[in-house]
Every structure is written in structure tokens, then in C-alpha cells.
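The values are calculated or read from the model by the stated rules, or taken from the named source; none is laboratory data. Here the structure is a predicted model, which means the values were calculated and not measured. Positions of Cβ are generated from backbone atoms using ideal geometry, with glycine treated the same way; all protein chains shown enter the neighbour counts. The area values use the complete protein model at the heavy-atom level, side chains included, leaving out ligands, DNA and RNA. Shrake-Rupley method; radii C 1.70, N 1.55, O 1.52, S 1.80 Å.
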Amino acid sequence: QVQLVESGGGLVQAGGSLRLSCAASGIIFGNHVMGWYRQAPGKQRELVARITTGGSTNYADSVKGRFTISRDNAKNAVYLQMNSLKPEDTAVYYCNALVGGYNYWGQGTQVTVSS
């Protein structure tokens, strides 16, 4: 059974930083693409960042240069370092694992950026 558990969200002032973590179980972690998505109220869920098994990354244009995704295969974990946060980054952030063509999701962690 695949489980993804996020942590690290919270309330931060604009310009601040947060680091999100996602702990994965039930999969051979190093074999799968991992990602972070977010969903703001009234908006569709969108890709924030993705990291391949080989460590290649891609980012949404809105977060390039501010956010960094990384993974630790030994710890079955993926991280999202978020710097220079803006109020428009406020959303629920979800960890994602692509396993056999199927998307698995965590429960989400709230990030709120105050102006």
C-alpha cells in the first residue's frame, strides 16, 4: 500500500522560507518520479516541481529560482525548499508519486503566506 505523508507547512510572512518533506512507504522509492503539486482555493491543482529517478528536475515558471526539489532515496523522502515566498504561493501542497502510470497523493499540507 502506497503512503505519502507530508509535513512542514505553516504560516510565514512574505519573503520567508519553508521546507516541505514527504515520507513515502509501500514503494521502491528510487524507481519512481516524485513531485509536488499545489491547489489554491477555487483553483485547479497544479504542478510545482518534479524530480526524476535520475535527479533531473523541472519547475513551474512561477516558482523557478525560488523553490528547489530534492530527494533522498536512502530515506524514501522528497523535499521542497521554498524561499522568497509570496502570498500567491498560499495553497495546500501535495506530494505525488507516479507508480506504474498511476498517481498517488498525500493528504496535503497547508502553506499560508501573509503579506
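Sorted by mean Cβ packing within 10 Å, highest first, what order do the peptides 18-31, 100-113 take? Write down the numbers at each step before the final one.
On the way: 18-31: 16.8, 100-113: 14.6.
Highest mean packing first, the order is 18-31, 100-113.
Let me check against my output: what whole-number percent is the relative contact order of the chain, with C-alpha pairs under 8 Å and at least 6 apart? Before the final figure, lay out each step's value.
On the way: 277 pairs, mean separation 41.6, N = 115.
That works out to 36 percent.
With every protein chain left in place, what is the accessible area per residue of region 48-115 in square angstrom, probe 1.4 Å? The partial results should precede the final answer.
Details: 3310 Å² over 68 residues.
Per-residue accessible area for region 48-115 comes out at 49 Å².
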